[in-house]
Structure formats: structure tokens, C-alpha cells
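The values are calculated or read from the model by the stated rules, or taken from the named source; none is laboratory data. These figures come from a predicted structure and were not determined experimentally. Because the Cβ atoms are built from the backbone with ideal geometry, glycine has one as well, and the counts that use them run over all protein chains shown. Quick note on the areas: whole protein, heavy atoms, side chains included, nothing else; ligands and nucleic acids left out. Shrake-Rupley method; radii C 1.70, N 1.55, O 1.52, S 1.80 Å.
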Protein chains: 2
Amino acid sequence: MNLKSQVEWALHCCAILCALPADKYLSTKALAEFHGVPKEYLSKALQALSQAGLVHTTLGPTGGYRLARKPADITFLEIVEAVEGKERTFICNNIRANNPCRPKDFCDVKPCAVARVMWQADKAWRDTLSAATLADLLDTLQVDVPADQLASTAQWVLKRAG
Amino acid sequence: MNLKSQVEWALHCCAILCALPADKYLSTKALAEFHGVPKEYLSKALQALSQAGLVHTTLGPTGGYRLARKPADITFLEIVEAVEGKERTFICNNIRANNPCRPKDFCDVKPCAVARVMWQADKAWRDTLSAATLADLLDTLQVDVPADQLASTAQWVLKRAG
DNA sequence: GGCCCAGTACTCGGATACATGCTGTCCGAGTGACTCGGG
DNA sequence: CCCGAGTCACTCGGACAGCATGTATCCGAGTACTGGGCC
């Protein structure tokens, strides 16, 4: 049970898109070159972000992606769910129904007790992810990454933006 | 990114093993029939539990599995990790290293900021799972499941125990 | 009758096929900006 | 100089291999019960 690598790519791409002027777009090609990942496959992740309404896209030359909202209004959870789907990680097949001691017509009022615990953990995971926004990530990067590297990266983005 | 169905099976099997007298064992065959799952494949999950030291096993006609510890001393996390592995769900490939604006010999002191957030969520998930024990599950079942069904199930287990 | 021993039936455990889904690639359709020729 | 058709670059979406992992199955190794033979 691993998250797909597309999740990592999507998160990093969103971080880069934060450095983009409001009226500009950055293409899949630029994002793929920046991160050193296959362009065609990365586009799948970006399409998912687009369908989820997290990024805005335009066709043609100068086309590409930009964030649809402010970094403070986009959470990690939204990005992860856009790529991985919103389904819970634990799927309950209700195998308790196979219990031979159980009446055939027995009707459960509550979900399986095992599933409830697993879903509670799933919720804790999602709550943590929804508490972190892209703006928080940017703040962290301000501390972690040397200023000159941040500046040159921003310039690289600006140069490739259309 | 879904948990394997073996996780569900392992959890339910542990719940059933709780109803077992301390000196008895329950075979894979019995557990498989009880839950309506393939015997051979279920044995894989039980092997994982055995290797993790959560259950004790014996060979021979009266052989099978039983819990290695008291239900209050076995957490959901231990069972889940026994089957799914202890690795984090988010694996960081450090794609920030591919940033063209980054000095080639740059050495990171901290893990990637994106990964840190993802790992924090992963920790929240695991913390929730490690807070729930099999004893808690039994308490929940006492409330959810009719007493007669619990009793007949316990009797079924006793009958199949060797 | 009691004890020992070989056989048997049953169990776990590892090794082996099949299916599903992630990873990666390719190509065609559609769209917007740019270029260039004509008025 | 202005306008319009054509060209180009880019996105989007689907279709297609390759591979890893989950799913399912089979067979061998080992152990406890069982029945018979022997003392």
C-alpha cells in the first residue's frame, strides 16, 4: 500500500506553480524538465489536478497550467485526493456476513467494527493532510532552502512561463 | 492506494482468536471457513502474523493458531504492519534534487518539505491505529452484536478448536 | 493389559502461476498564438 | 498599415506495452493422533 509517485510529482508541481505570476501559465514540458520526470506521464497527474479544479489550464503556445486558487486555499489533501481518488484506503468487504453462526436475514445497523477503526485512522490521515496548505509549504521552504536558490528557481520559472 | 484484503482478514481472524481458550489452537481451515475466504491465501496473512510474533502456532492435527498475547496488548497497528509492512505509505524520491537551479553538490540537511508533511499524516494514521487494541474491538462488538450471536460464535470456535 | 512403534491424517510454510493496477510511452484531435501574404 | 488564411506549438484524451504487486493455488516438511504388534 504505497501512494503513487504521481502524488509526489503533483505536490512538487503545485509548489512550483506558486512561484508563477497570476496571469502566466507553465507547460507540462517545463514542469517535467524541472523535476526530471517523463513529460507524458506527468501530464496524467496534471490532468487529474485540472479535473479536480485545482489548476487552470489553457491551450496553445503560452499555454499550460497555473493554480486556480491562492496557495493558502489549496490543501495537501485536495492534491492527494485529486491524484489518488477520494476513496478510503481500507475497503470493507463485510466478511462478517459469512459468519456461519449468523442468521441469514440478519441486517446490520452499523458498519463493521473493524472498518470503523480503520476509517477513523483514515480520517486522521486526511485531517492532517487537509490542515496543511501550499502556503504552509512555501513558508517551510523559505526556511529550508537558501535564498539564492529560491530566487534562481523563481527566475527559471519566470523564464519558462508563457 | 488500497490496503490489501489480507489486512481485513487478519483483523477479523485476530478478533475470532480472542474467543479461544488459552491452551487451544484454531486451524487456518476453520478460520477460512468461518470468514468464507480461500484457505491457502488466508494462511499467508496468518504466517505474517506468526512471523511478527502476534500469534503462536503449532503443527499436527490439533494444530493451528492462537494469540501470543492478551487482546489488550495487541494493537491494530501491529496487525496492519505485520501484513502491510512497516514502510511509510509515501516514499520520497527526492525529485527536488533534479531542480536545474540547484548546485550539483548541494547537500540537504533536512528531508524534503513535501515528504515531511506526508510523513506527518502517515504518523497520525499509525498513531490512531496503535491506540486501538483488540480488547477495544471486543468491547465494541459486545455492544454491536446480539448476545446470542456472540455466544453461538464462541461455541462454534470452541467446537472447531483443537 | 500396558508399552512401543510405524502409519496416517492433519497442520504450517515456502515456492509457484494468474490478475490487477501502476508506470511509462505513443499518437491523433483540438485550440490558441504567431507568421506571412494580400489589400 | 490592417486583415485574414495558414502554420506551428501546445494541451488534452485515449490507446497501447512493460512491470510490479496483490491474489490465488499447489505441493512438500513437519507433528500429533491412531492403530497394531510385542512384551
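Details
- For B:Cys92, the accessible surface of its heavy atoms amounts to roughly 40 Å² (probe 1.4 Å, protein chains only, rounded to the nearest 10).
- Among the lysines of chain B, pairs at least eight places apart or on separate chains and with Cα atoms under 26 Å apart come to 26.
- The slack in the chain from B:Ser130 to B:Glu40, taken as 0.36 nm per residue of separation less the alpha-carbon distance, amounts to 29.5 nm.
- Counting from the shortest, the label point at A:Cys101, 7 Å from Cα toward Cβ, is 6.5 nm from the same position in each remaining copy.
- Inter-chain Cβ neighbour count for B:55-64, averaged per residue, equals 0 (cutoff 10 Å, partner chain atoms only).
- Remark: accessible area buried at the B-A interface is about 4900 Å², both chains counted, probe radius 1.4 Å.
- Ordered by solvent-accessible area of protein heavy atoms (1.4 Å probe), largest first, the residues A:Trp156, B:Trp125 come out as A:Trp156, B:Trp125.
- Length-normalised contact order of chain B in % [C-alpha pairs under 8 Å, at least 6 apart]: 32
- Residues whose amide H lies under 5 Å from that of B:Thr58, counting only those 5 or more places away or on a different chain, are B:Gly64; hydrogens are built 1.01 Å from N in the peptide plane.
- Percent accessible area from carbon and sulfur atoms, chain B, protein chains only, probe 1.4 Å: 54
- Shape analysis of the stretch B:14-162 places it in the prolate category; the axes a ≥ b ≥ c from the Cα gyration tensor give an a/c of at least 1.5, with a/b above b/c.
- On a per residue basis, chain B carries 49 Å² of accessible surface, using protein heavy atoms and a 1.4 Å probe.
- Separation of alpha-carbon centers, the stretch B:1-21 and the stretch A:1-75, rounded to whole Å: 40
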